[in-house]
1. Would you check which residues across segment 79-128 are over 15 Å from Y25 (Cβ atoms), among the charged types (D, E, K, R), more than 24 Å from the chain's Cα centre (by Cα) and not in a loop (DSSP other than H, G, I, E, B) and list them?
2. Of all residues in segment 153-176 being in a helix (DSSP H, G or I) and over 18 Å from the mean Cα position of the chain (by Cα), which is nearest to F232 (Cα to Cα)?
3. What are the residue pairs meeting all of these: first residue in segment 264-278, first residue within 15 Å of H254 (Cα to Cα), second residue open to solvent by 40 Å² or more (accessible area, probe 1.4 Å) and of a type in the set (D, E, K, R), Cβ atoms under 9 Å, and 6 or more apart or on different chains?
4. Of the residues in segment 255-283, how many are in a loop (DSSP other than H, G, I, E, B) and open to solvent by 50 Å² or more (accessible area, probe 1.4 Å)?
5. Of everything in segment 94-118, what is out of contact with any strand residue (DSSP E or B) (no Cβ under 6 Å at 6 or more places or on another chain) and open to solvent by 10 Å² or more (accessible area, probe 1.4 Å)? Give them in sequence order.
6. Please go through segment 181-200 and pick out each residue that is open to solvent by 50 Å² or more (accessible area, probe 1.4 Å), modelled with pLDDT of 90 or more and either aliphatic (A, V, I, L, M) or assigned to a helix (DSSP H, G or I) (or both).
7. Any chance segment 245-254 includes a residue that's within 29 Å of A103 (Cα to Cα), surrounded by 15 or more Cβ atoms within 10 Å (Cβ to Cβ), at pLDDT below 95 and of a type in the set (S, T, Y)?
8. Can you tell me which residue is modelled with the lowest pLDDT among those in segment 167-180 that are among the acidic types (D, E) and surrounded by 13 or more Cβ atoms within 10 Å (Cβ to Cβ)?
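The values are calculated or read from the model by the stated rules, or taken from the named source; none is laboratory data. This structure is a prediction, so every number in the text was calculated from the model and none was measured. As a convention, Cβ positions derive from the backbone with ideal geometry for all residues, glycine included, and neighbour counts pool all protein chains shown. Note: accessible area is taken over every heavy atom of the protein model, side chains too, but ligands, DNA and RNA are not part of it. Shrake-Rupley method; radii C 1.70, N 1.55, O 1.52, S 1.80 Å.
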Amino acid sequence: MAILVLTQCQSDKPADPNKPEYFLYAARVDDLPLRKKPEKDAIIVAHLAEGELVEGKGEASLNREELPLRGATYRSPYLSVSRLKDGTQSGWAFGAGLLALYAGPRDKAPDPGALQAFIQHLRGLDIHDLSSGLKAWLYVEKHFETAPAPLADAAFQLLEQFLRRMEIEGEIWKVTEGKLPFTEADARAVYQDRFDYSKYAITAAIDSNGFRLAWGEGMFFPVVNWTRLREFFGPRVSPAMQRFIIQRTEEYNHPIYRDNALVVPLEGVAEMAAWWENFNRRYPYFIRRDETQESEAWLRLVLLNGTDDLPVFPAESEEVSQGYRSAWEYVLQRHPKTELARRVKEMADLCASEGWKRTEKVNALRARNLQEYNDR
């Protein structure tokens with residue numbers, strides 16, 4: 001995913017002293033257009049090959065557009081970048097088509113030669129072949145064992161994206177389709193994150209290639225093993241990336257949703273929302289900023305507006321449930337100086353003034369919350 005730094009193309013605003021001076025990206029798709037202006041119909045200056053490295057200063061267009069990439073639609077601004085192989089050739093690339101690898105001082109940037117070699121290795125692997133996961137991991141363990149933090153951050157970005165492509169686009173879920181001789185005890189062990197992957201040849205292969213099992217839509221299937229990512233990259237990456245990886249590993253291994261139902265207390269959702277808010281304030285130019293801000297915004301929306309399976313206003317009463325009232329009070333007591341608390345107080349105060357009923361005023365605030373989330 002591309003880092004989204006929303007700035008004017010030309011602005012009279014004073015420069016942000018905390019903003020990194022240098023940004024490095026890799027093209028996520030082949031033939032990504034580099035345009036003269038940040039518009040989908042603007043003149044094309046060049047086409048970026050998949051994996052090509054480009055650099056910039058973190059400038060992004062205020063306008064966002066929706067474009068398809070690899071079977072999915074993304075809404076993103078354009079980023080102002082220059083080609084590394086020809087620094088004079090610059091333009092605007094669709095932000096979602098770029099993978100952020102680094103943001104910081106130019107003299108601390110990762111070695112582009114090492115990154116390009118890794119990118120070429122990954123491009124030679126078949127995302128539909130489970131063994132490609134191990135081949136990618138073996139390269140990482142050989143070449144990035146002693147990597148400095150900026151290079152380790154970039155290598156993590158490239159490896160995680162590749163493994164995720166295998167999971168989604170490579171359809172490696174087919175390796176388990178109808179092929180797991182699972183017992184009920186096995187299923188419980190997977191669900192509780194304590195399954196012994198050496199038990200069956202197919203699960204041993206899943207584990208050795210950098211994946212683990214997850215459950216969804218009535219079947220078990222491979223997903224990226226974040227515990228392995230944490231164990232290798234945790235000691236090597238930057239402090240911000242280390243904190244990100246640790247938190248993401250916990251969330252992926254213990255998801256708050258199972259079978260389309262919230263499975264953690266609302267207070268747990270509040271802790272996660274506050275954690276991501278704090279992270280985003282501490283690291284405003286983190287290279288996965290779009291993703292971390294999405295986590296903060298979505299978790300906050302859950303606390304404010306509820307979910308389909310756990311609504312704020314149960315149908316039988318149309319009055320704020322005691323669970324949400326308790327969770328809102330919890331936020332105000334535990335995280336009083338956060339934006340989360342400000343938004344929760346706004347909702348709680350309005351509901352209290354309306355007798356905790358679902359009135360037109362309450363519905364209007366809920367609609368505004370949802371619109372703000374969708375407009376991000």
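1. Selection gives D86, D107, K108.
2. Out of the qualifying residues, it is I172.
3. Between residues of segment 264-278 that are within 15 Å of H254 (Cα to Cα) and residues that are open to solvent by 40 Å² or more (accessible area, probe 1.4 Å) and of a type in the set (D, E, K, R), the close pairs are E271/R334.
4. Total meeting the criteria: 4.
5. Selection gives P105, D107, K108, D111, G113, A114, Q116, A117.
6. S198, K199 - these are the residues of segment 181-200 that are open to solvent by 50 Å² or more (accessible area, probe 1.4 Å), modelled with pLDDT of 90 or more and either aliphatic (A, V, I, L, M) or assigned to a helix (DSSP H, G or I) (or both).
7. The answer is yes, given that some residue of segment 245-254 is within 29 Å of A103 (Cα to Cα), surrounded by 15 or more Cβ atoms within 10 Å (Cβ to Cβ), at pLDDT below 95 and of a type in the set (S, T, Y).
8. So the residue we want is E171.
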